[in-house]
Structure formats: structure tokens, C-alpha cells
């Protein structure tokens, strides 16, 4: 997927902003072509960081949860929005590895500054013509300079879609270079590699992936428990470092 992290200038753009009558806004960012969109904080009665993804009018990922865990900062408590920032990017960057050396970098972005109890966290959502991506930042707070951090992303789906999965991780078992097999997501096993391709229907496939492989723990997938048809993504180790770093949690490629 296109490069996610880079300097950008803030430019006003048209976003769909739905204001809840309760404690938070429900905020959607839409791709430049108007097809892909990701909505954050869609559950107005929840104090969790929720999101859902649509392709056109079709909800391909139902209300899902980004869960952050740390011994240094407690991310539980009442959720509220402090402010939001919106921007767009439309330029190019050079790649030494892709089939095309010049890559178009075009997306719309929203940055949501949240308070969770006494903790602060910033959510960054981007919508591309090729898919969506989301990240988070942990601002400096509570006189803490470095933290250990783990994350779980609970993806929820409407049906028991087929996925292309690698074998269960174990001693002597190839995973990243292993054979992919088509199975229902309900029997996904621990250690499934990324990207994880999901067949929504004959004309629509999506892929769950991670968007940053530098200074970041490896991500893998497993069957989830947050709904009847759920996929859990988690880090294979705790991520440590200074606060205020962008941490790209997930990228979702949508392909009709």
C-alpha cells in the first residue's frame, strides 16, 4: 500500500461529520473517489475506540474495536473528543521496490484527539482510493517519557467469509513462506500471517494488513471472540518507545 507516514499540510476538505447528542462525535473520512470510507466512534454508547469500514454503501467491516494496553497508562474510562483536524494529501513519492517507481500518494485524513479517562490518545484515519488505514499517537502525558504498549484489533464481520490463511504457527512450521489455504474465518488459527485476504463476495475482496514495519512489533491474526464472526489482530511482542510516535495499526485494502 502507499506510504502512510510523511509530512503533510492541513487543507480543509469535505468530510461527513455526524454529531451525536451524547458524549462524542461520530466521524467519517471518505476516499477521494468517494467509495471507501472509515467511521470512528460509531458506537455512541461505548467508551472504546470503535470503527467500521464501508465500500460504497456496503458495510464490509462491522463495528470493531481498537484496544490499547499499557502498564504505564490506563486507557479505560469515559471517552470524549477534545478536537479534530482534517487534511488532504495529493502528491507522489519514489519507490525502489515496486513495479512502478513513481507512486501516487492521494488520501483524505482525519485526526481525532481523544481523552479516555485520564489518558490522551490521538487517532489518525486515512481513506485512499485503494483502501483505508488507521494509526494512533500517545501524546506525552503524566510525566511519562517512554511506555510499553500492546494492541488488539477486534475486526467484526456480518458472515463467515472465506479467508486465505497460512498454517497455524508452531515449531518447524513455515508461516510467512507457508502455503495459503482457503478456509472460513471462523476456523482461523493463531499466527496467521499478513496480509489476510477476505472474500466478501465474488466481486469484492479485502485484505487486512499492517502498514508500518519499522520500529514496530510483528502483527499476526487469529480467530476472534468479540462477535460470532470475528478476527483478532495482535502484536507478537510488546512495542516500546517514546511517546508522540505515529503507530500504524492497520491497513485495509479494498478491491472490487
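The values are calculated or read from the model by the stated rules, or taken from the named source; none is laboratory data. The structure displayed is predicted, hence computed values, not measured ones. Neighbour counts run over all protein chains shown; Cβ positions are idealised from the backbone, glycine included.
Against the condition at pLDDT 95 or above and closer than 25 Å to residue 45 by Cβ, how does residue 73 come out, does it pass?
Working: at pLDDT 95 or above: no; closer than 25 Å to residue 45 by Cβ: yes.
Spelling it out, it is not the case that residue 73 is at pLDDT 95 or above and closer than 25 Å to residue 45 by Cβ.
For the structure I just gave you, tell me whether residue 211 is closer than 20 Å to residue 50 by Cβ, at pLDDT below 95 and in a loop (DSSP other than H, G, I, E, B).
Details: closer than 20 Å to residue 50 by Cβ: yes; at pLDDT below 95: yes; in a loop (DSSP other than H, G, I, E, B): yes.
So residue 211 fits the description; yes.
Would you be able to tell me the number of residues in the range 105-144 that are in contact with a strand residue (DSSP E or B) (Cβ under 6 Å, 6 or more places away or on another chain), farther than 22 Å from residue 80 by Cα and surrounded by fewer than 19 Cβ atoms within 10 Å (Cβ to Cβ)?
Of the residues in the range 105-144, 2 are in contact with a strand residue (DSSP E or B) (Cβ under 6 Å, 6 or more places away or on another chain), farther than 22 Å from residue 80 by Cα and surrounded by fewer than 19 Cβ atoms within 10 Å (Cβ to Cβ).
Restricting to the range 159-206, name every residue that is in contact with a helix residue (DSSP H, G or I) (Cβ under 6 Å, 6 or more places away or on another chain) and either surrounded by 16 or more Cβ atoms within 10 Å (Cβ to Cβ) or not in a loop (DSSP other than H, G, I, E, B) (or both). Working first, answer last.
Narrowing the range 159-206 to residues in contact with a helix residue (DSSP H, G or I) (Cβ under 6 Å, 6 or more places away or on another chain): 160-161, 163.
Matches in the range 159-206: 161, 163.
Within the range 166-191, track down each residue that is closer than 23 Å to residue 59 by Cβ and either touching a residue at least 60 places away in the same chain (Cβ under 8 Å) or within 19 Å of the chain's Cα centre (by Cα) (or both).
Within the range 166-191, 185 is the sole residue that qualifies.
Pick from the range 137-158 the residues that are part of a loop (DSSP other than H, G, I, E, B) and in contact (Cβ under 8 Å) with a residue 12 or more places away in the chain: which of them is farthest from residue 175 (Cα to Cα)? Reasoning before the result, please.
Looking only at the range 137-158, we keep the residues that are part of a loop (DSSP other than H, G, I, E, B), and these are 138-140, 142-143, 145, 157-158.
Pick out the ones that are also in contact (Cβ under 8 Å) with a residue 12 or more places away in the chain and you get 138-140, 142, 145, 157-158.
Working: 138: 32, 139: 35, 140: 37, 142: 40, 145: 36, 157: 24, 158: 27 Å.
Out of the qualifying residues, it is 142.
Kindly establish whether residue 85 is at pLDDT 95 or above and in contact with a strand residue (DSSP E or B) (Cβ under 6 Å, 6 or more places away or on another chain).
On the way: at pLDDT 95 or above: yes; in contact with a strand residue (DSSP E or B) (Cβ under 6 Å, 6 or more places away or on another chain): yes.
The answer is yes for residue 85.
Given the structure, is residue 147 modelled with pLDDT under 95, within 26 Å of residue 67 (Cβ to Cβ) and surrounded by fewer than 22 Cβ atoms within 10 Å (Cβ to Cβ)? Before the answer, list the steps.
Values: modelled with pLDDT under 95: yes; within 26 Å of residue 67 (Cβ to Cβ): yes; surrounded by fewer than 22 Cβ atoms within 10 Å (Cβ to Cβ): yes.
It is true that residue 147 is modelled with pLDDT under 95, within 26 Å of residue 67 (Cβ to Cβ) and surrounded by fewer than 22 Cβ atoms within 10 Å (Cβ to Cβ).
Just to be sure before I move on: is residue 62 surrounded by 15 or more Cβ atoms within 10 Å (Cβ to Cβ), modelled with pLDDT of 95 or more and under 26 Å from residue 206 (Cβ atoms) in the structure I sent?
Details: surrounded by 15 or more Cβ atoms within 10 Å (Cβ to Cβ): yes; modelled with pLDDT of 95 or more: yes; under 26 Å from residue 206 (Cβ atoms): yes.
Yes.
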